[in-house]
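Okay, structure first, notes after.
Readers should treat all values here as calculations from the given coordinates under stated rules, not as data from a laboratory. All values derive from a computational prediction rather than experimental measurement. FYI the Cβ positions are ideal-geometry reconstructions off the backbone, even for glycines, and counts take in every protein chain you see.
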Amino acid sequence: MDLGLVLTGGGTRGNVDLGVRAEAAGFDAVYACEFFNQQTFPLLGALAQATERIRLGTGIASAFVRSPLTHATAAMDIDELSGGRMILGLGSGTRRMNQEWFGVPFSKPAARSQELLVLLRKLFQAAGGLGFKFEGEFYNLKIPVYTRPGAAREEIPLWLAAVNRGMMRAAGSEAEGMVGHPIATRRWHREVTLPTLREAEEKAGRPSGACRLVPYVMTSLADDRDQAIRDAKGQIGFYFTVSVYRTILEYHGLPEVADACRTALATFDTKAMAEAIPDALVDEIAIACTPDEAHDRLAQWDGLADEVMLYAPQIGVAPGRVRSNLDTILDVFKR
């Protein structure tokens, strides 16, 4: 498996430093994540200049809060600066995130995401031409003179984040990769994600495996195993406060875990969220262990994923502990 690292180094400058260190440690890729307080493209632009080999990806950028042309040109800019190392990963986000955080409308996320991937690919391919036109259900573009001098490639890999089956089918139909959510279990990926991707690929006339599975894998390493598990539980419990992720817990016969996490959200009781998560669920989701055990835990993802995106938990975790965990991840998994 290829190894990627999600950049959670604390601020843009910290993440640039973390990306440089990940390249030095032999990681294959680094991924910038987007939230209400940070964007992906500026960080990757800085890393394009500060690194030489490592792949640079948005893991993920918010699909609907920018125009397709803005996504495409930002990706081509970074691809040019990096010499062809860019991966554009997109995610729909939830209704609340789109409407309340960014003030944009939200509807039919799977169908809209699938059309967006088609449009973006056409924008990449048309960069050497003179004009561009696209008419779809969600997007209509007409650019009389459309060129992009200096584009490094005609194809930039497009990845789509997915939790549930609709988005999985969209990814399998059009994307080169599907980004798995940090709280998706190995069983969920084995029994739900991969079969759904393969079915969608076949229906779209694509070869099996055209869409790679690239999951976030929560990684919490500490000499004190209990500490490592507690840190992972805090992040997992926070994510399970989101109702659209409840399907995973229901699949495992654990709807009461979702209920407990949602109840704790009312007072943002992160300790109660963590306490609601069973140890067995942590093992299905995360690499939460001592450094000596880490490679064996990573090996549990062999055969499921083509690449994993190692992700350090942050909710309820002190900044110093986040930094220590990232230091350990770089040291333990260096190549």
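For the pair region 82-100 and region 186-207, the centres of their Cα atoms are 21 angstrom apart. How many angstrom lie between the C-alpha centres of region 25-45 and region 161-185? Each part reduced to its Cα centre gives a spacing of 19 Å. Loop-resident chymotrypsin sites (Phe, Trp or Tyr not before Pro) (DSSP state other than H, G, I, E or B) in region 10-98 with no more than 11 further Cβ atoms inside 10 Å of their Cβ: Phe36. In the chain, excluding the sites themselves, the longest stretch lacking any of the GluC sites (Glu not before Pro) that are in a DSSP loop with at most 12 other Cβ atoms within 10 Å is 156-335. Around Asp292, with a cut-off of 14 angstrom between Cβ atoms, what is the net charge of the other residues, counting Lys and Arg +1 and Asp and Glu -1? Overall, the nearby charge balance is -3.
Compactness of region 151-200 is given as radius of gyration and Dmax, 11.9, 40 Å, from Cα positions.
Once the C-beta distance of Arg95 and Glu135 is scaled by a Förster radius of 30 Å, the resulting FRET efficiency is 0.70 to the nearest 0.05.
log10 I(q)/I(0), Debye, Cα-only region 228-272, no solvent, q = 0.32 Å⁻¹? For the requested q values the scattering log ratios are -1.15. The orientation-averaged projection of the convex hull spanning the C-alpha atoms of region 1-102 amounts to 6.4 square nanometres.
For the chain, the extents of the C-alpha atoms along the principal axes are 60, 40, 38 Å, listed from largest to smallest.
Label-to-label distance, Gln300 versus Arg198, with points set 7 angstrom from Cα along the beta-carbon direction: 2.3 nm.
Directionally averaged projected area (region 91-233, Cα convex hull): 11.8 nm². P(r) for region 27-166, from all Cα pairs and a bin width of 10 Å, is 12, 42, 35, 12, 0 %, short bins first. Relative to the longest principal axis of the Cα atoms of the chain, the long axis of helix 68-82 lies at roughly 80 degrees. Each DSSP beta bridge with both residues in the chain is either parallel or antiparallel, and the antiparallel ones are about 15%. On full extension, the segment bounded by Phe102 and Glu250 gains 50.3 nm, given 0.36 nm per residue less the C-alpha separation. Pairs over the 28 Å Cα-Cα cut-off, from the set Lys142/Lys203; Lys108/Lys133; Lys271/Lys334: Lys142/Lys203; Lys271/Lys334. Using a ≥ b ≥ c from the Cα gyration tensor of region 228-335 (square roots of the eigenvalues), is it rounded, prolate or oblate, where a/c under 1.5 gives rounded and otherwise the larger of a/b and b/c decides, a/b for prolate? Oblate.
Could you work out the relative contact order of region 46-176? I mean the mean sequence separation of Cα pairs under 8 Å and 6+ apart, divided by the number of residues, in percent. That works out to 27 percent.
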